[in-house]
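Asker: Sharing a structure with you now.
The values are calculated or read from the model by the stated rules, or taken from the named source; none is laboratory data. Everything numeric here is computed off the predicted structure, so don't read it as measured data. Don't worry about glycine lacking a Cβ; one is built from the backbone with ideal geometry, like all the others, and counts go over all protein chains shown.
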Amino acid sequence: MMICRTPSINEPLQKMKYKSEGNKLKYNFVMDGVKDVFSPKTESLPTITVFPDPVLHPFEGESRIKIKTPSSGHLVIYGSNINAACQTHDVTVRIGKESCNVTSLSESQIACLPPLEQPDPIDNTELPEVIVSIGDHYNKSLGYLTYSSGSILVWIIIGGSVGFVGFILF
C-alpha cells in the first residue's frame, strides 16, 4: 500500500464550480524509472474527490476581538465549506496556549468549548489569538478572545435598573 498526501491544487482548479458531493478528478502516478504505476489510458484512471477549501470568517471589527462572557458557553466560529471534507477530529481550535474542545461541526459553523479561564497568549500580545487548523495545511487566525468577568455587565444592569426606577419615581 502507498499513502500519499494530496498535493495542492493549481490555480485553474481552485476556480472550478464545485458540486455538493465534490468533484471527481482522475489521477496518475509518475515515478522515476517505474513504468508499472503509470497508465496512458485515461478511462482506466482512478479518481479522487476534491472539495473547495473551507472559508472561515475573522472576528468582526477592526481589532478582531471577540468577548467571551461567563454565560456564553461555546465559542462559535462562522464560515462556509467547513465540513465538506473533514470531521471534528480533523479540526483544532487554539486559544493562545490552550485548546478549545471542538464539539460540533457543520457546513457553516464550528462550535468549541473554550477553557474556563482566559488562556495565556502564545506571543507578546495582550490577548490570546484564536487559530483554527483543519488537517495538516489549513491554518487561519480569526482574531483575539478576551474573557469578561461578568462583573461589568452586572453593574451595567444594576445601574440601568436603578436609573429606570429613579426615572419612574421622579
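Asker: Please verify whether N83 is part of a loop (DSSP other than H, G, I, E, B), out of contact with any Pro (no Cβ under 9 Å at 6 or more places or on another chain) and not acidic (D, E), treating the condition exactly as stated.
Answerer: Working: part of a loop (DSSP other than H, G, I, E, B): yes; out of contact with any Pro (no Cβ under 9 Å at 6 or more places or on another chain): no; not acidic (D, E): yes.
Taking the combined requirement at face value, the residue does not satisfy it.
Asker: Can you tell me how many residues in the range 123-138 are exposed (fewer than 14 other Cβ atoms within 10 Å of the Cβ) and over 17 Å from F51 (Cα atoms)? Break it down stepwise before answering.
Answerer: Narrowing the range 123-138 to residues exposed (fewer than 14 other Cβ atoms within 10 Å of the Cβ): 123-126, 136-137.
Still in the running and over 17 Å from F51 (Cα atoms): 123-126.
Residues meeting the conditions: 4.
Asker: Determine which member of the set G22, G61, G79 is modelled with pLDDT of 75 or more and surrounded by 15 or more Cβ atoms within 10 Å (Cβ to Cβ). Explain how you work it out, then say what you get.
Answerer: Values: G22 fails: surrounded by 15 or more Cβ atoms within 10 Å (Cβ to Cβ); G61 fails: surrounded by 15 or more Cβ atoms within 10 Å (Cβ to Cβ).
Only one candidate passes the filter, namely G79.
Asker: Of the residues in the range 103-118, how many are buried (at least 20 other Cβ atoms within 10 Å of the Cβ) and within 18 Å of P70 (Cα to Cα)?
Answerer: Residues that pass the stated criteria total 2.
Asker: Now for a separate question. When only residues in the range 62-73 that are part of a loop (DSSP other than H, G, I, E, B) and in contact (Cβ under 8 Å) with a residue 40 or more places away in the chain count, which is farthest from D123 (Cα to Cα)?
Answerer: Of all residues in the range 62-73, those part of a loop (DSSP other than H, G, I, E, B) come to 62-64, 69-73.
Now restrict to residues that are in contact (Cβ under 8 Å) with a residue 40 or more places away in the chain: 63-64, 69-71, 73.
On the way: S63: 17, R64: 17, T69: 23, P70: 25, S71: 28, G73: 25 Å.
By that ranking, first place goes to S71.
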